[in-house]
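Working notes, structure below.
The values are calculated or read from the model by the stated rules, or taken from the named source; none is laboratory data. A quick note: this is a predicted structure, and the numbers were derived from the prediction, not measured. Please note: Cβ atoms are built from the backbone with ideal geometry, for glycine as well, and neighbour counts cover all protein chains shown. Side chains are part of the model used for accessible areas, which takes the heavy atoms of the whole protein and leaves out ligands, DNA and RNA. Shrake-Rupley method; radii C 1.70, N 1.55, O 1.52, S 1.80 Å.
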Amino acid sequence: MKAIRTVLACIRKADNTYNLINHGDKIIVGLSGGKDSVSLLYCLSLYQKFSHTDFTVQPVMLDLGFDSFDPTKMEKYCESLGYKLIVHDSREVYKILKIKQDGPHLPCSICSRMKKAAINKVANELGFNKVAFAHHADDAVETLFMNEIYGARIATFSPKMHLENANIDFIRPLLLVREKDIIRLVKEEELPVSTSTCPADKHTRREDIKQLLDSIYKTYPESRDNFLTMLSNYTKEDLWGKEIYYHVNNDGLSLKPVIYKDDLVKVFQIRKIVYIDEQHFSYEDEYELDKEDGTNTFLIYLHDEPIGTIRYRQTGDRQFKLERYAIITKYRHKGYGKIAFKYLVDKLVAEYNPCYIYFNAQYTLVDYYKKLGFSPIGEIFDDGGVSHIKMEKYFK
């Protein structure tokens, strides 16, 4: 089978599985000139014609300030497909990377974040709602291993991710495409590929992981498909996160991280009792879904019974905001909430000290939080019809 049929079939499967492309979408394609992004643009130009989905594609190339940057080849390539390439001036990226450089190579993670910010800016200026990146299946597995080895976490990039602040979706149409099929596609279709201008090209941790995976695949050939399958095999997920109950004291008090939907339902039930039924918050004020993202939420347990909830979000470098701290009525004034609150604060301090922790407290509870070492700051304000004031503490 020709590579183009294989790749387009994978794109269709990814689109159908993860709902990547819809009618009316205006999609920026980040074009670096490498084999992956060149293949993505070519395949989307064909996918436009047979997918029965009406969407717009616009290639964008970032001038990051690297030496020998020349978009001429890519401009001609885009014209051959019926597109006009937009070249965006992002030369400040290389300048910043050189300032941040600590070692022989440029910091890839900072470069990646800055490139995403730059292309988001273009998308917003043009009124486009999605940005397509050319990460493929092997990239996904490599990222998983990098996070496991260097970051102590089981994670890779998502097929689709919504950026609330920019109101843009990142999509990865090549997510199920193997790199070997992209290489085959470039050769068969004679696609023009530019040499990377990045000084760190082929000298990164990702290259080390590629070599590690190649050795695994040679020894265990079935692992190549199994590694990719496990990323979406949610019915077989069986990790330790759901078993965590942080031991708070010897009287049965514990903190359970909220990871699964059953626990989240319990959190919402507690917040309904405390904030909506008792304090008459509106459902709209209490359940603002955009504010649920990016939080670390815990259930407070007494033996086997959830008696309260608390969460925090990181708002800056070593800055944390505590939120939605609630204890069910019959367990108040027994010290459980205070102990759990202090445990979470101590846990954050132990991990991130020095750090800054703050929260918006109901004004009637100011004295309670003062006893925990927090100080009120600023003016009293209204939140959901209840008077609040900001409390803070710097830990050194």
Take the residues of region 152-182 that are of a type in the set (A, V, I, L, M) and loosely packed, with under 15 Cβ neighbours inside 10 Å: which is modelled with the lowest pLDDT?
-> L163
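Can we say K261 is within 23 Å of the chain's Cα centre (by Cα), loosely packed, with under 13 Cβ neighbours inside 10 Å and without any contact (Cβ under 8 Å) to a residue 12 or more places away in the chain?
Numbers: within 23 Å of the chain's Cα centre (by Cα): yes; loosely packed, with under 13 Cβ neighbours inside 10 Å: yes; without any contact (Cβ under 8 Å) to a residue 12 or more places away in the chain: yes.
Here the answer is yes, as K261 does meet what is asked.
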For region 235-275, the count of residues that are aliphatic (A, V, I, L, M) and farther than 21 Å from G335 by Cβ equals 7
Quick one: is L372 farther than 17 Å from Q279 by Cβ, of a type in the set (A, V, I, L, M) and at pLDDT below 95?
-> yes
Which of the following residues is surrounded by 15 or more Cβ atoms within 10 Å (Cβ to Cβ) and among the basic types (K, R): K291, K321?
-> K321
Is there a residue being aromatic (F, W, Y), open to solvent by less than 30 Å² (accessible area, probe 1.4 Å) and under 20 Å from D262 (Cβ atoms) anywhere in region 301-313?
-> yes
Which condition number does R271 fail, the rest of (1) at pLDDT 95 or above; (2) not in a strand (DSSP E or B) being met?
-> (1)
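For region 122-137, which positions are within 18 Å of the chain's Cα centre (by Cα) and either of a type outside the set (V, I, T) or more than 20 Å from Q48 (Cα to Cα) (or both)?
N129, K130, A132, F133, A134, H135, H136, A137
Does I149 qualify as being among the β-branched types (V, I, T), crowded, with 20+ Cβ neighbours inside 10 Å and part of a helix (DSSP H, G or I)? Spell out how you get there, then give the answer.
Working: among the β-branched types (V, I, T): yes; crowded, with 20+ Cβ neighbours inside 10 Å: no; part of a helix (DSSP H, G or I): yes.
Judged against the criteria, I149 is not a match.
Residues checked against (1) farther than 22 Å from G33 by Cα; (2) touching a residue at least 24 places away in the same chain (Cβ under 8 Å); (3) of a type outside the set (A, V, I, L, M, F, W, C):
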{"residue": "E179", "(1), (2), (3)": "no, yes, yes"}
{"residue": "L185", "(1), (2), (3)": "no, yes, no"}
{"residue": "R205", "(1), (2), (3)": "no, yes, yes"}
{"residue": "D208", "(1), (2), (3)": "yes, no, yes"}
{"residue": "K218", "(1), (2), (3)": "yes, no, yes"}
{"residue": "K236", "(1), (2), (3)": "yes, no, yes"}
{"residue": "E243", "(1), (2), (3)": "yes, no, yes"}
{"residue": "V248", "(1), (2), (3)": "yes, yes, no"}
Which fully enclosed helices (runs of 4 or more DSSP H) of region 154-245 have 3 or more residues being aliphatic (A, V, I, L, M) and within 27 Å of the chain's Cα centre (by Cα)?
-> 205-219
If you go through region 116-140, how many residues are of a type outside the set (A, V, I, L, M) and assigned to a loop (DSSP other than H, G, I, E, B)?
-> 6
In region 23-38, is there at least one residue being surrounded by 19 or more Cβ atoms within 10 Å (Cβ to Cβ) and farther than 18 Å from L191 by Cα?
-> yes
Tally of residues being of a type in the set (D, E, K, R), more than 14 Å from Y42 (Cβ to Cβ) and open to solvent by 80 Å² or more (accessible area, probe 1.4 Å) across region 1-20 | 2
All conditions in (1) touching a Gly at 6+ places or on another chain (Cβ under 7 Å); (2) modelled with pLDDT of 75 or more; (3) surrounded by fewer than 14 Cβ atoms within 10 Å (Cβ to Cβ) are true of S68 except (1)
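So, L46, is that one open to solvent by 20 Å² or more (accessible area, probe 1.4 Å), among the aliphatic types (A, V, I, L, M) and more than 28 Å from the chain's Cα centre (by Cα) or not? Show your work before the answer.
Values: open to solvent by 20 Å² or more (accessible area, probe 1.4 Å): yes; among the aliphatic types (A, V, I, L, M): yes; more than 28 Å from the chain's Cα centre (by Cα): yes.
Yes; evaluated as a whole, the condition is true for this residue.
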D139 meets each of (1) touching a strand residue (DSSP E or B) at 6+ places or on another chain (Cβ under 9 Å); (2) modelled with pLDDT of 95 or more with one exception, condition (1)
Go through (1) open to solvent by 90 Å² or more (accessible area, probe 1.4 Å); (2) modelled with pLDDT of 90 or more; (3) more than 27 Å from the chain's Cα centre (by Cα) and name the single condition S254 misses.
-> (1)
